[in-house]
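Notes follow the structure.
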Amino acid sequence: MASTLTKFIHSLDPRTLPRVLQIQSGIYFQGSIYEMFGNECCLPTGELIKVTGFKINKIIASICESNEDSQCSARIELPLNFPGLCKIVSDKTPYHSIEEITRKVSIGPTRLGHPCFYCNEDVKLANLTIKQGEQIMFNSVEEVNGTLTVNCGVVRDNQSHSFTLPLSQEGEFYECEDDHIYTLKEIVEWKIPRSRNRIVKFTNMLHTWDSNPLPENFDGCLILAPIYEVQGVMKFRRDIVHILSDLDIEVKDVTDCYDINCFLQPLSMEDVFERTSKEFPMVAEVIEGPIGRQLPYNLLCPGKEIVIHKKYQATRILASEIRSDSHKRHFLIPTSYKGKFKRRPREFPTAYDLEIARSDKEQLHVVATKAFDSPHEELFSVSVGDQFLVHQCQTGEVLYQGRKKVIDVLACEQILSEAYKEVLLPMYMEGGFVEVIHDKRQYQLSELCKEFRLPFNVKVSVRDLSIEEDVLAAMPGLQLEEEITDSYLLISSAGNPDSWEIPVYRLNMSVQLLSKPVEETASIPTRTIVEEISEEQYYMVRRFENQALHPPPRPPKKPTTQGPTSLLTMPEQSVSDEPKALKNLCVDTPKTLCSDQAAAVSELQVSCQNDFVHQEDEDDMTGTATLVDSSVIKGPINNRLLKCGAGKEQKDKHAYECVDENVIENIRKKFQESTVHNKTYLLKKEREETSKTE
């Protein structure tokens, strides 16, 4: 029986693919144009198409005045990346069996794939009765003893109860109200049932879209209807065709009448990777190649014959560009990368982060970029520009509401001009620290991963000369985040002696296997590439890599203090002098003093971070060695740090010298200027109070 392509795709179960369709009523586009925007628009009557897959291409939305389908306006086309957050309006049309739900609703392992339904009557099972109106969560579909069942769950008295429902279970099942907020892309991928539309209501319209098709200040409901892109092959063509489901044609399912093997058999990279290791090597012809000018992608054009030598798992380093905004670039760096890296200062927002980052191999030296006033006399108050050597986490006693209380503290040494002072920082401290780098070495990527704990900040100091265009060399800074393991295929092409590693799950490429013998050479040089990935791919990689890891423990909470604290109270210190006392005075007073002082403190935080980056970039651009006159870090600090790093530093006439210590002097000068201003302000206020008293 013939039907429109739209109705056929809406009712098609992906588990029954591939299917062979015959065009019953074709469409011809006027003129000689055969394709439009990469999609077929001319399909003659009688043509055979083997459908291999389909996906949502775009969304047609209709504005409705109410939640009824009958009251809607003209149609609007929405792209999948349309910005905005929306809520789902529950579908009032019931499903009449569990089999219908599994066929039309997306059920998967993530939260988005756990739809909830209720039945208008009791569902009696062997050891459990689901009450009328009770919410049932559908978790997964699996086969047990040859029978498909749905793993479900209900929550009663805060206790979760699991059970299974057979697909043959009948009844009127209604969709539950959903209070979650979704993006349009999430709704498209998970929340639009097949052969049904979806009504949504936008809760937050992001004003970042240049040409918003919706009315200004729109606050109504939208009826979303998906338009699918059907992927298939024709009987007498050696390429993959893409057809939009709203094309005005009629089709008939003739799968039982034709041999599917007589069509082209395109395989994706995932399909090739699922083959057994004994089937490699194999010869294949590229049917649909990847988009890109970078090697080896420009060699994988349609019609090209390649040899797929083997499949395996390879290690990559996930790295992200260091930027203050959210538009970061992400890379997967092979361990065979031949460039060299130089360390960059890390930033730590809390004292807890210092504890995580410290290492037994190297003393962690930081400078404070944000002031912190300790509520306890036993703990240290931090001023902007203070320098510390981080030691270890330990416990300490503080006086809390008249009683002694044991809390976790971070033992450090404050670096003074000619001495050290042991101090304790609370682990809950919300401050800001920037690392001071004393290491002048240049590292290979493998050395960094072996000697330091990731994440780690670096910059390319010597680019990889084996790469025609090293994109990493242009980055102002990179954060090496973690090692990941991914799937790769080793391929080579005729006329090219090199073999290349290509990713399996991020390469949109289709091939057809050929029955040709493979001439294996003894050794083929393997080349790798630095792969730039999208933000979506970045989060997918991190999700799959970290799904088995436990999150780090939460930092301790800051204790609440009772009663007002004195504005000018200064903690007792074993080592004190006039500049230090004045500095602590300035830290305690910005809350009530003039706004200029508060602005000066804020300016110092930004200036400190910018100076570190500026000095680092200048040193890398000149490429010359610079002698550092360390006027702030004197005496024992240099000896102690050199002792910690003994044996690591290598002498190299082309080595980059670190100039980070000079920035500390700039920080202190700026803060002293604000201190003088603060002192003048306090004296002026004191004179005014005295004159009023007289």
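Quick notes on this structure:
- Contact order relative to length of segment 262-372, as percent, for alpha carbon pairs under 8 angstrom and 6 or more apart: 15
- Atom-type composition of the exposed protein surface of segment 82-229 places 46 percent of the accessible area on carbon and sulfur (1.4 angstrom probe).
- Taking one quarter of the surface of the C-alpha convex hull of segment 278-409 gives a mean projected area of 15.3 nm².
- Compactness ratio for segment 73-177: Cα radius of gyration over 2.2 N^0.38 Å (N = residue count) comes to 1.22.
- Working from label points 7 Å from Cα in the Cα-to-Cβ sense, the Ser160 to Asp178 distance is 1.9 nm.
- Solvent-accessible area of Phe263, all protein chains in place: 10 Å² (probe radius 1.4 Å, heavy atoms, ligands and nucleic acids excluded).
- Surface accessible to a 1.4 Å probe, Cys221 within the full protein complex, Å²: 10
- Leu148-Ser534 pseudo-label distance in nm [points 7 Å out on the Cα-to-Cβ vector]: 3.0
- Loop-located trypsin sites (Lys or Arg not before Pro) across segment 89-172 with a Cβ neighbour count of 11 or fewer within 10 Å are Lys92, with loop assigned by DSSP.
- Accessible-area rank, largest first, for Glu186, Glu519: Glu519, Glu186, with all protein chains present and a 1.4 angstrom probe.
- Potential lengthening of the chain between Ser140 and Met1 amounts to 46.7 nm, from the contour at 0.36 nm per residue minus the alpha-carbon distance.
- Kirkwood Rh and Cα Rg combined as Rg/Rh, segment 141-278: 1.05
- Dimensionless Rg/Rh of segment 376-515 - Kirkwood Rh, Rg from C-alpha atoms: 1.21
- Solvent-accessible area of His376 with every protein chain in place, 1.4 Å probe, in Å² to the nearest 10: 10
- Estimated at 0.36 nm per residue, the fully extended path between Asp122 and Arg15 surpasses their Cα-Cα distance by 35.4 nm.
- The stretch between Tyr258 and Asp408, if pulled fully straight at 0.36 nm per residue, gains 46.6 nm over its current Cα-Cα span.
The values are calculated or read from the model by the stated rules, or taken from the named source; none is laboratory data. Nothing here was measured: the structure is a model prediction, and the numbers come from that model. For neighbour counting, all protein chains shown are included, and Cβ atoms are generated from backbone atoms with ideal geometry for every residue, glycine included. For the accessible areas, the whole protein counts, side chains as well, though only heavy atoms, and no ligand, DNA or RNA atoms are used. Shrake-Rupley method; radii C 1.70, N 1.55, O 1.52, S 1.80 Å.
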